[in-house]
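Colleague: There's a structure below that I have some questions on.
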Amino acid sequence: MILVHLPAYSRLVRRLIFLGLVLSLGGFLRAQSLGEAARREQEKKKPTPASAAPTYTEEDLKSRKRNGKGSVSELPVTGGPSPAASASASPPPEGDRARLEREWRARFAEARARIREADARAYEERVETVYVNGIPVQQKVRVKVETPELIAARKALDDLEEELRRSGGLPGWGRE
């Protein structure tokens, strides 16, 4: 097919190109207006600086008139220590702390030694039959068995860790 340059054909092509340019510029302008709209929304969402919360002092509370509505209960002031002061007990002296750490570490070492000993005794030798190429072969094997002694030794270590935690000792004291 041979295209012949007709004036109507070239006018149609020019109009389509012009229409494409107008539509693409229209989309670009619209994208700018969407960006501006998004920016305006962000500015609207920014929190406005709220007024500072009111601060009341003892003088403000005492000077305030009391009306008969509602009830007010006042606690008597005692000379005893405040709860915050009693909660922060003084740390033990360094010598006492070092002694406690040595004691805990020794207890944990004993517990781990009991586990190692129980673990060594937890193996028993058995004779098992294994088939090799269809031929039964008997062999001695060592099998680890969960003995009551081993279970009790592990539980004792767990209990010791819990006791350390409850006594307020440092977790590192229970490590090797």
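Colleague: Enumerate the helices (runs of 4 or more DSSP H) found wholly within segment 1-114, keeping only those where 3 or more residues are modelled with pLDDT under 70 and hydrophobic (A, V, I, L, M, F, W, C).
Modeller: The helices (runs of 4 or more DSSP H) meeting that bar are 7-45, 83-87.
Colleague: Counting only residues that are among the aliphatic types (A, V, I, L, M) and farther than 30 Å from residue 164 by Cα, which one in segment 104-153 is nearest to the chain's Cα centre (by Cα)?
Modeller: Restricting attention to segment 104-153, the residues satisfying the condition of being among the aliphatic types (A, V, I, L, M) are 106, 109, 111, 113, 115, 118, 120, 122, 127, 130, 132, 135, 137, 141, 143, 145, 150-153.
Then drop every residue that is not farther than 30 Å from residue 164 by Cα, which leaves 127, 130, 132, 135, 137, 141, 143.
Numbers: 127: 50, 130: 50, 132: 53, 135: 57, 137: 54, 141: 45, 143: 40 Å.
My answer is 143.
The values are calculated or read from the model by the stated rules, or taken from the named source; none is laboratory data. Fair warning: this is a prediction, and the values are worked out from it, not measured in the lab.
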